[in-house]
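The values are calculated or read from the model by the stated rules, or taken from the named source; none is laboratory data. The model shown is predicted, which means the values in this text are computed figures rather than measured ones. Ideal geometry is used to build each Cβ from the backbone, glycine not excepted, and the neighbour counts take in all protein chains shown.
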Amino acid sequence: MAHGAPAEVSPEVLEGYRRELTGYCYRMLGSGFEADDAVQETMLRAWKAAEGFEGRSSVRSWLYRIATNICLDMLRSRQRRALPMDLGPASPPVEPSLSDWHPDELWISPIADSRAVPEHGDPAEIAVARDTIRLAFVTALQHLPARQRATMIMCEVLRMPAAEAASTLGTSVAAVNSALQRARATLATLPEEQRPTAVEAEQADLLARYVDAFQRYDIDQLVTLLHEDAVMSMPPISMWLRGAENIGQWMGLPGPSQCRGSILVSAGQVNGVQSWAQYKPSPDGGYSAWALLVHEASGGRFTRWTFFLDTPRLFPELGLAAHLP
């Protein structure tokens with residue numbers, strides 16, 4: 001421990017906040033990779049400033065103040081992250097739509113629950129933490145100005161009292177309440193495909209039917225598992241599709257049909273849901289990493305399929321192989 005640093009900010013104590021801070025920074029930044037960088041910088045700054053910590057606020061509030069300032073600095077230097085639905089209208093189910101790729105820095109990236117959701121604690125709080133790292137929720141947050149975003153996360157996700165949020169943000173309770181009101185109003189005006197909706201926690205049967213149908217590449221069966229107005233996207237491709245019929249038509253095209261014969265491997269809990277790693281048949285034999293599927297479902301059918309194609313970065317983070325025999 002640094003000379004003079006109080007016991008309540010020892011390295012062990014600071015490390016105990018890593019998961020919840022990662023969840024906070026992920027909601028702020030929309031990137032698991034950037035969230036890790038922000039939390040690491042938070043820990044470094046906190047440790048360097050430990051001797052000056054006077055206990056006027058809790059260690060938790062103090063850490064959130066540091067993390068918020070780091071996130072606000074990071075957000076000043078770049079455009080907001082998005083999913084394809086935020087960038088333009090739905091694409092027709094035709095192969096030329098595959099040609100429009102954008103840099104990875106533009107997109108929301110996924111995060112494993114094990115890095116952002118508390119392992120122990122109140123089950124209700126854990127459920128909220130899981131719900132609020134879902135892709136639709138995190139993407140919707142990116143539409144808010146950075147300080148409104150921080151206010152909404154503190155008050156509605158972390159359940160901080162307005163006075164504590166105001167102290168953490170260095171503002172007044174009145175300003176916190178005003179920011180919260182404006183944030184709610186903004187989210188209420190988002191188009192349906194950009195708005196978070198209630199999802200079901202128990203989806204074991206639906207997922208089992210999905211894995212079976214996908215590995216057989218039974219498009220007719222897959223379409224029956226989708227809501228009529230479901231959406232599908234494949235970052236970093238800007239194309240996105242709306243409607244079960246269009247998604248089925250797309251999957252039957254020559255290019256997408258190269259996924260026939262793929263296998264799916266559990267990738268664990270990602271963004272609050274069971275996710276799957278897709279491996280396509282490789283010309284050299286075996287199977288090559290192709291995509292990470294993160295879904296959302298409601299009413300016993302899928303409302304959203306997001307296939308993340310940045311497997312060279314994502315699969316190592318999740319302990320997944322780049323190639324299977």
Name every residue in the stretch 31-50 that is under 21 Å from Met160 (Cβ atoms) and in contact with a Ser or Thr (Cβ under 8 Å, 6 or more places away or on another chain), in order of residue number.
Ala35, Val39
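Within the stretch 29-45, can you find the residues that are more than 16 Å from Trp107 (Cβ to Cβ) and in contact with a helix residue (DSSP H, G or I) (Cβ under 6 Å, 6 or more places away or on another chain)? Give the derivation first.
Narrowing the stretch 29-45 to residues more than 16 Å from Trp107 (Cβ to Cβ): 36-45.
Residues satisfying the conditions are Ala38, Val39, Glu41, Thr42, Met43, Arg45.
Does Asp131 satisfy the criteria of being more than 30 Å from Ala163 (Cβ to Cβ) and either surrounded by fewer than 17 Cβ atoms within 10 Å (Cβ to Cβ) or at pLDDT below 95 (or both)?
Numbers: more than 30 Å from Ala163 (Cβ to Cβ): no; either surrounded by fewer than 17 Cβ atoms within 10 Å (Cβ to Cβ) or at pLDDT below 95 (or both): yes.
Spelling it out, it is not the case that Asp131 is more than 30 Å from Ala163 (Cβ to Cβ) and either surrounded by fewer than 17 Cβ atoms within 10 Å (Cβ to Cβ) or at pLDDT below 95 (or both).
This table checks each residue for (1) of a type outside the set (Phe, Trp, Tyr); (2) more than 22 Å from the chain's Cα centre (by Cα).
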| residue | (1), (2) |
| --- | --- |
| Tyr210 | no, no |
| Pro236 | yes, no |
| Gly248 | yes, yes |
| Gln258 | yes, yes |
| Arg301 | yes, no |
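Are any residues in the stretch 274-289 part of a strand (DSSP E or B) and either more than 19 Å from the chain's Cα centre (by Cα) or not aromatic (Phe, Trp, Tyr) (or both), and if so, which ones? Steps first, please.
In the first step, residues of the stretch 274-289 are kept if they are part of a strand (DSSP E or B); the result is 274-281, 287-289.
Answer for the stretch 274-289, where residues must be part of a strand (DSSP E or B) and either more than 19 Å from the chain's Cα centre (by Cα) or not aromatic (Phe, Trp, Tyr) (or both): Gln274, Ser275, Ala277, Gln278, Tyr279, Lys280, Pro281, Tyr287, Ser288, Ala289.
Of everything in the stretch 138-165, what is part of a loop (DSSP other than H, G, I, E, B), of a type outside the set (A, V, I, L, M) and surrounded by 18 or more Cβ atoms within 10 Å (Cβ to Cβ)? Give them in sequence order.
From the stretch 138-165, those part of a loop (DSSP other than H, G, I, E, B) are 142-145, 158-161; that's our starting set.
Going one step further and asking which of them are of a type outside the set (A, V, I, L, M), we end up with 142-143, 145, 159, 161.
Result: Gln142, His143.
Go through the stretch 86-103 and give me each residue that's acidic (Asp, Glu) and part of a helix (DSSP H, G or I). Please lay out each step first, then the result.
Pass one, the stretch 86-103, residues acidic (Asp, Glu): 86, 95, 100.
Answer for the stretch 86-103, where residues must be acidic (Asp, Glu) and part of a helix (DSSP H, G or I): Asp86, Glu95.
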Quick count over the stretch 38-75, residues being of a type in the set (Lys, Arg) and either surrounded by 15 or more Cβ atoms within 10 Å (Cβ to Cβ) or within 22 Å of the chain's Cα centre (by Cα) (or both), is 3
Can you pull out every residue in the stretch 99-132 that is over 12 Å from the mean Cα position of the chain (by Cα) and either touching a residue at least 60 places away in the same chain (Cβ under 8 Å) or under 22 Å from Phe307 (Cα atoms) (or both)?
Ser99, Asp100, Trp101, His102, Pro103, Asp104, Glu105, Leu106, Ser114, Pro118, Glu119, Ala127
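Looking at Ala291, Ala244, which one is under 29 Å from Arg115 (Cα atoms), buried (at least 18 other Cβ atoms within 10 Å of the Cβ) and of a type in the set (A, V, I, L, M, F, W, C)?
Working: Ala244 fails: under 29 Å from Arg115 (Cα atoms).
It is Ala291.
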Could you check how many residues of the stretch 104-124 are in contact with a Pro (Cβ under 9 Å, 6 or more places away or on another chain) and either over 25 Å from Trp276 (Cβ atoms) or not in a loop (DSSP other than H, G, I, E, B) (or both)?
3
Determine, yes or no, whether Thr168 is of a type in the set (Ser, Thr, Tyr) and surrounded by 14 or more Cβ atoms within 10 Å (Cβ to Cβ).
yes
Only one of Ala174, Ala188 is surrounded by fewer than 12 Cβ atoms within 10 Å (Cβ to Cβ), hydrophobic (A, V, I, L, M, F, W, C), over 22 Å from the mean Cα position of the chain (by Cα) and over 19 Å from Ala244 (Cα atoms); which?
Ala174
